[in-house]
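Here is the structure we will look at.
What follows is calculated from the coordinates using simple rules that are stated; it is not laboratory data. Remember, predicted model here, so these are calculated numbers, not experimental data. Note: ideal-geometry Cβ built from the backbone for every residue, glycine included; neighbour counts use all protein chains shown.
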């Protein structure tokens, strides 16, 4: 191979290597500076709270605070009409929610009926996006008060938004009932407001 051609090929290889290094360095630098460790999906995407968000996605100003659902919460649930969304404040009742570090949860309700009572509910929770949006799902067992017989189960699920302080939340949820044979029965919809239970008020 002639020296001139060989030199040209060598310079071309070096130029390609430099371009790749610069590109890679930009991705890594952007990931480190903006707390995103993956490649930007598109030129207009924004890194916030460790994730990439598309153009037009609502922004949360400032860094993500250290907040968590973990702990015990005093909760008031208000049933609502599933079709219209209208709340039924006269049917509101209290509950205790406990969110564990391992993403399990425990729920205790007050509103047993005259004919049925239910166990505490056991469930799961997870963080969905950002630092304050969560989902949860739980289940409890029901029994007939007079006979003690198994009367089916009820499942509940919903979405939860944690407040800026980290000491209040609101939810939008629904329930599904099942009889003793597992057949679907009446369900319901509700909203709730929770306040963190603390040593000092």
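Computed values, structure above
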quantity	calculated
Residue order, fewest to most surrounding Cβ atoms within 10 angstrom, among 137, 153, 101	101, 137, 153
Residue 181-residue 82 FRET efficiency (beta carbon distance; Förster radius 30 Å; 0.05 resolution)	0.80
Cα-projected label distance for residue 113 with residue 159, points at 7 Å along beta-carbon direction, nm	3.0
For 47, 82, order by how many other beta-carbon atoms lie within 10 Å, fewest first	82, 47
Cα-projected label distance for residue 46 with residue 68, points at 7 Å along beta-carbon direction, nm	2.9
Ranked list, fewest to most other Cβ atoms within 10 Å of each Cβ, for 131, 45	45, 131
The range 139-160 versus the range 83-114: alpha-carbon centroid distance in Å	13
